[in-house]
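Note sheet for the following structure.
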Amino acid sequence: RVDIAEVDDNLLLYVDLPGVKAEDVDVRFENRELQIRGKVTAAATEPHFLLYEYGVGDYYRAFSVTDDIDAEKIRADLNDGVLTVHLPKAEALKQRRITVNA
């Protein structure tokens, strides 16, 4: 699951990746496409489940990104199973205050 928010001069993607370790996350940006991959490996011994809603496997999402994003400044952080991808807006799009001269 992914939530997308606009905060200040950034778009933020919050991607749920339960069970994925940082070394098993791959975030790439190429040809105006942001790709997110994550891999979960099965535990060595699995208990006998009475209810099984959480599957082990790979995650993959791709998003088209416009030129409005500064691709050189994209970054990602993984904390407690949530990947946060920061997509900063290009300088030309940032709101700025105009000084009024009198």
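The values are calculated or read from the model by the stated rules, or taken from the named source; none is laboratory data. Quick caveat, the model's predicted, so the values are computed rather than measured. Cβ atoms come from the backbone with ideal geometry, glycine included; neighbour counts cover every protein chain shown. Protein only, heavy atoms only, side chains kept; ligands, DNA and RNA dropped before computing areas. Shrake-Rupley method; radii C 1.70, N 1.55, O 1.52, S 1.80 Å.
Compare the peptides 16-22, 28-34 by average per-residue count of other Cβ atoms within 10 angstrom and give them in order, highest first.
16-22, 28-34
What percentages, rounded to whole numbers, describe P(r) for the chain computed over all alpha carbon pairs with 10 Å bin width beginning at zero?
For the chain, the binned pair fractions read 13, 38, 25, 13, 7, 3, 1, 0 percent.
Considering only protein heavy atoms and a 1.4 Å probe, what is the carbon-and-sulfur percentage of the accessible area of the chain?
So the carbon and sulfur contribution to the accessible surface is 46 percent.
Spin-label point model (7 Å from Cα, Cβ direction): what's the Ala22 to Thr66 distance in nm?
The modelled label-to-label distance comes out at 3.3 nm.
Quick check for you: with a 1.4 Å probe and neighbouring chains kept, what is the accessible area per residue of the chain, in Å²?
79 Å²
Roll a 1.4 Å probe over the protein heavy atoms and report the accessible area of Glu6 in Å², nearest 10.
Solvent-accessible area, nearest 10 Å²: 120 Å².
Enumerate the amide H contacts of Leu17 below 5 Å, restricted to partners 5 or more residues apart or on another chain; note that Pro and chain-start residues carry no placed amide H.
Those lying under 5 Å, H to H, from Leu17 are Val82, Leu83.
How much accessible area does Thr41 have with a 1.4 Å probe, in Å² rounded to the nearest 10?
90 Å²
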